[in-house]
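A.B. asks: First the structure, which I've put down as structure tokens, then a few questions once you've had a look.
The values are calculated or read from the model by the stated rules, or taken from the named source; none is laboratory data. Predicted, not measured: the structure shown is a model, and the values here were computed from it. Just so you know, the surface numbers come from the protein's heavy atoms only, side chains and all, with ligands and any DNA or RNA stripped out. Shrake-Rupley method; radii C 1.70, N 1.55, O 1.52, S 1.80 Å.
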Amino acid sequence: MQRDTGAGDRTPGTPSPTHGGRLRHRKRSNEVPSDVNTTNGANLLLNDQNKYKSMLVRTYSSLWMMAGVVFLIYMGHLYIWAMVVVVQIFMAKELFNLLRKANEDRQLPGFRMLNWHFFFTAMLFTYGRFLSHQLVNTVTSDKLLYKLVSRLIKYQMFICYFLYIAGFVWFIITLKKKAYKYQFSQYAWTHMILLMVFAQSSFTVANIFDGIFWFLLPASLIAINDVAAYFFGFFFGKTPLIKLSPKKTWEGFIGASVTTLFSAFVLANFMGHFQWLTCPRKDLSTGWLHCDPGPMFTPESYDLPGWMPQWFPWREIAVMPVQWHALALGLFASIIAPFGGFFASGFKRAFKFKDFGDSIPGHGGFTDRMDCQMVMAVFAYIYYQSFVMVQDLSVETILEQILRNLTFEEQHELYEQLGKLLVRAN
């Protein structure tokens, strides 16, 4: 008879054998210690609170910016242009400061002014080309001022080139030993800013004077796409879109695209009813505008298909031709323009900083808000010039060429010759 080994005969700490020769283990509890649960819960709650707080700050800032833009649109073209110039100056300041090194700058007094010299030279060149026609129309009533402005416009390209060469010589003269690399990198960085930022955003001004519609609609679509992507990603985002911007999601991208296209079609119809938005500005005055809206903003009727249900109240709809063009703008704003933001995200990651600045609470700097707007402004300008603007030779086009290329005496002679031709025709 086998001896029964009791618990008292086993060595302490030795597990008791089972019938199958396996060791029996005490079942471990799946419960997480209460202190760990408390800590994790507090962190999640804190992150959640910070997330919603950030959203509220961003929303308040967006509402203030929207209110400011609406006020400037009410004031008119010149005020919107002034807003664009202010934004460009802030963007340039943020970007100039990115690669700035205080130690090197102290050794190069006056070198920082060179950046702004190139900036204002580019501003004079760009706006001189875009707004020469409006400027001449503004001063036609004063003979002396008209002659002065005509001469400035005629030699504007030479003046800007001379200013650029002066800056180039200034740069060469200020080159300093042991600072060559820093100075040349700043020179290249300044030109990149002027090309990639200032030149693109300047197309916005051309859009403004072609009609506020062509500035406001593209800018609104970018804002709508940005807000929609943020909220769709905030509430439904799960699938990452691109590594350059980890917070961007496919859910936000698709939701924003659908919202932007729908908004483009509706907003174009709404804005198209206001002549203040659709009429081009031919001078630099601030008075109210009245013009023939033209076929682009004249509604056309379309019969709805027969399979529409009987309870549907409309059998035809009125659509402005500009609404179809608005869909093209919406498609670009939702698919291509976000890559301007991705470019900015990649740039920030390359230089290891979060935002370009902190001028706008919840948004970062002006450059953070304008990255997609710059891409959109160029597309809107090119699209308008290619598919919307009438390309036929017009009286305004001929007058602009006369004012740009002929002296006052030559214009007077042309006037007399035309008068003689008209007399003979009668």
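A.B. asks: Report, to two decimal places, the Cα Rg of the chain normalised by 2.2 N^0.38 Å (N = number of residues).
C.D. replies: Numbers: Rg = 32.5 Å, N = 426, 2.2 N^0.38 = 22.0 Å.
Output field value: 1.48.
A.B. asks: Another question about this same structure. Tell me what the chain gives for mean residue ellipticity at 222 nm when only DSSP H runs of n ≥ 4 count, each as -39,500 (n - 2.57), the sum divided by the residue total, rounded to 500 deg cm²/dmol. Don't jump to the answer; show the numbers that get you there.
C.D. replies: Values: 17 runs with 278 residues, N = 426.
Mean residue ellipticity, 222 nm, calculated: -21500 deg cm²/dmol.
A.B. asks: Can you give the accessible area per residue of segment 50-93, in Å², using a 1.4 Å probe? Working shown, then result.
C.D. replies: Values: 2710 Å² over 44 residues.
Roughly 62 Å² per residue, with all protein chains present.
A.B. asks: Could you grab the relative contact order for the chain? Cα pairs under 8 Å, six or more apart, rounded to a whole percent.
C.D. replies: Working: 397 pairs, mean separation 77.8, N = 426.
The value is 18 percent.
A.B. asks: Return the whole-Å distance between the Cα centroid of segment 312-367 and the Cα centroid of segment 123-185.
C.D. replies: Rounded to whole Å, the Cα centres lie 32 Å apart.
A.B. asks: Here is a further query. Identify which of GLY306, GLY128, GLY272 has the largest mean-square fluctuation in a Gaussian network model of the chain, with springs joining Cα atoms closer than 10 Å.
C.D. replies: GLY306
A.B. asks: Considering only Cα-Cα distances, which of the following residue pairs are longer than 28 Å: LYS53/LYS354; LYS181/LYS247; LYS53/LYS238; LYS178/LYS354; LYS177/LYS354?
C.D. replies: Flagged as over cut-off: LYS181/LYS247; LYS178/LYS354; LYS177/LYS354.
A.B. asks: Measure nothing fancy, just the Cα-based angle from helix 34-75's long axis to the longest principal axis of the chain, in degrees from 0 to 90, nearest 10.
C.D. replies: 10 degrees
A.B. asks: Still on this structure, please answer the following. Could you work out which residue, out of ILE165, ILE335, ILE317, moves most in a Gaussian network model of the chain, that is, has the largest mean-square fluctuation with Cα springs under 10 Å?
C.D. replies: ILE317
A.B. asks: Could you state the principal axis extents of the C-alpha atoms in segment 142-271, from the largest down, to the nearest angstrom?
C.D. replies: 57, 55, 13
A.B. asks: Same structure again: With all distinct Cα pairs included, what does the Kirkwood hydrodynamic radius of segment 325-426 come out to in Å, to one decimal, could you say? List each step's numbers first, then the result.
C.D. replies: Values: mean 1/r = 0.0550 Å⁻¹.
Averaging 1/r across every pair of different Cα atoms and inverting gives 18.2 Å.
A.B. asks: Would you mind calculating the relative contact order of segment 113-209 from Cα pairs under 8 angstrom and at least 6 residues apart, reporting the percent as a whole number?
C.D. replies: Numbers: 38 pairs, mean separation 43.8, N = 97.
The normalised contact order for segment 113-209 reaches 45 percent.
A.B. asks: Taking the 0 to 90 degree range and rounding to the nearest ten, how far is the long axis of helix 77-98 tilted relative to the main principal axis of the chain, both from C-alpha atoms?
C.D. replies: 50 degrees
A.B. asks: On to the next question. Give the angle, between 0 and 90 degrees and rounded to the nearest 10, that separates the Cα long axis of helix 250-271 from the longest principal axis of the Cα atoms of the chain.
C.D. replies: 30 degrees
A.B. asks: Keeping the other protein chains in place, figure out the carbon and sulfur percent of the accessible area of the chain, with a 1.4 Å probe. List each step's numbers first, then the result.
C.D. replies: On the way: 17800 of 27180 Å².
Exposed carbon and sulfur together represent 65 percent of the surface.
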